[in-house]
Amino acid sequence: MTHFTQAIEDYALIGDLMTCALVGRDGSIDWLCLPRFDSAACFAALLGDKDNGHWRIAPTASADGDRCTRRAYLDDSLVLESHWETPDGAFKVIDFMPQRETAPEVMRIVEGVSGRVAVRSTLRLRFDYGHVVPWVRRSEGDRVAVAGPDSAWFRSVPSVRTWGVGHSTRSEFSVGPGERVAFALTWHPSHEPRPEPGDPYDALEQSLADWREWSGRCCYDGPYREAVLRSLITLKALTYAPTGGIVAAATTSLPEEIGGVRNWDYRFCWLRDSTLTLDALLATGYLDEARAWRAWLLRAVAGDPADLQIMYGIAGERRIPETELPWLRGYAASAPVRIGNAAVDQLQLDVYGEVLDSLHLARNNGLPAELHAWRIQLALLDFLERNWHRPDEGLWEVRGPRRHFTHSKVMAWVAADRAVRTLEGNPSLPGDVDRWRSMRDAVHREVCDNAYDRERGTFTQYYGSRELDAATLLIPRVGFLPPDDPRVIGTVDAVREELGSSGLVRRYSTEGVSVDGLPGDEGAFLACSFWLADALHLTGREKEARELFERLLDMRSDVGLLAEEYDPVARRQLGNFPQAFSHIGLINTALVLCGDALSV
């Protein structure tokens, strides 16, 4: 089957705070995992073709690849409205997923605007990532699809005729001004009875009210508020409500290079995101979300410090085995398609610093301290004191040899520094402040002696390396060195010069024999580009920082979403989408530029 590959930024996000779907400009939902973010997809056309599952609503006369005229989110919500204009008239489609009470539902309301337009709905369910064709039958006046553990009910309000065409369910009808037809797709385990159907029109009003209430809690009222709030809404949409865990992205295997092999599953929760996420939530007034994220973090890291992982499942699961799906060709033929993530087994020493930094930030900015949390931190510090000298795989999860990565050592310093600050400010807490002060000083000396290239005036990616790493832009932000230190200024200039890509920055060089052990290239990393804007601001170059930030804002999609990376030559987004790390970077840079960022 032929397949029109839409640009990554042509997709919009809808979700119910437990899972989400991607809706293309062509009116097709091409990605949906049920019932959770990390469940198998029942629409996987995003990573294959239409026969791997999708649901398109569009004018009957439209061809594959035709797109809606315009689209936008309603108010400050996750309810998407797409407008179609045709020679016969105009209509709109409202897509959303109500915050669930029992079962996940995708609802799509078609409403006529002018004239009379013939509309077609084509539903092609494929369970297990587009691999399993369900058995579809009529029941109770609706359609039900069943295969193994999965069952999905499809209905319309008012009812319109449906029939089967080529292992898909088709509906055709027409709408005039003010006329509405609503569709609902409801999933449940096949061994359980059908959930009670909800009213799509009532659900729409309730969804809008829920999002208005949530968005109204945002206390940020500075410059770029629209962009900040849209990024906060995106973070909320990527939050698994039952546990507070925030997935790194909604997707798996969207490529960092079109046609390349750098395709990973990001539907899990990374510890590396914890400090920056808490910073964004606390500074904008979302204390409940910050509290839930901290609680998820404490549950996930509890246990033997030697067993600390870099990522966990959305409920704190530890096993995330990686495998490939050979029946999916990959987005734009970028194979392989992977589910799970083998990087879970890597040693990344920086995560210890990120956890302690997160809990220190929370303690100092509105979340009450918990004694058991401090005991966990002491255990993590004890392990780190004995192991920070070891090489590791580093922040970027390289699949090459372990090295003494500069960022990992800097974050070991952060861990000791936050312990010292905590004990100095809370002398009643147990702990040997002199011990952690000694560790902090030792790490600082070693990094400055072994990671700094005096000839070039820059910190390098790892000890003895000539390669650079955009993560060193965080050195002034975490307080390792002050922003006016010549070594900081030199590092910022060197990273911008050597890793620059049309004004943005890459994570590291992928030329020649890359440090990550993988073939091919990747785009500019958006989070790192936000870090560059932060570093420029901190080093006194406010005008350049603001110009870079505003350029990054221009790279958002028409509905304000960002992927992981950007190709400045092709001018398109790359990598998993939407990416929490990119939106966290946007929020925090806006806070830095307006002086509202939390202090370390």
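Rounded to two decimals, what ratio of Rg to Rh does the chain give with C-alpha atoms and a Kirkwood Rh?
On the way: Rg = 24.6 Å, Rh = 24.9 Å.
My calculation puts Rg/Rh at 0.99.
Helix 526-538 and the longest principal axis of the C-alpha atoms of the chain enclose an angle of approximately 40°.
Helix-only arithmetic for the chain: the sum of -39500 (n - 2.57) across DSSP H runs with n ≥ 4, divided by the residue total, places the mean residue ellipticity at 222 nm at -10000 deg cm²/dmol. Scoring 11-22, 233-244 by mean Cβ neighbours within 10 Å over their residues and listing the highest first yields 11-22, 233-244.
Segment 423-532 gives an Rg/Rh value of 1.07, both radii derived from C-alpha positions and Rh following Kirkwood.
With respect to the chain, whose longest principal axis is taken over its alpha-carbon atoms, helix 287-301 is tilted by about 70°.
Contact order, relative form, for segment 197-284: 20 percent (alpha carbon pairs under 8 Å, 6 or more residues apart, mean separation divided by residue count). Backbone phi angles across segment 19-24, fed through the Karplus curve with coefficients 6.51, -1.76 and 1.60 (θ = phi - 60°), yield HN-Hα couplings of 7, 7, 9, 10, 10, x Hz in residue order; Gly and Pro are listed as x.
So if I place +1 on the C-beta of Lys and Arg and -1 on the C-beta of Asp and Glu, and nothing else carries charge, what would the dipole magnitude of the chain be about its Cα centre? I want it in debye, nearest 20. Walk me through the numbers on the way to the answer.
Details: 66 positive and 87 negative charges, 142 e Å.
For this selection, approximately 680 debye.
In terms of overall dimensions, segment 8-215 has a Cα radius of gyration and Dmax of 15.8, 47 angstrom.
Normalising the average separation of contacting C-alpha pairs (under 8 angstrom, six or more residues apart) by the number of residues puts the relative contact order of the chain at 13 percent. The angle between the Cα long axis of helix 200-215 and the main principal axis of the chain comes to about 20°, on a 0 to 90 degree scale.
Read-outs throughout are calculated quantities, based only on the coordinates presented, and are distinct from any laboratory measurement. These figures come from a predicted structure and were not determined experimentally. Positions of Cβ are backbone-derived with ideal geometry, glycine not excepted, and every protein chain shown enters the neighbour counts.
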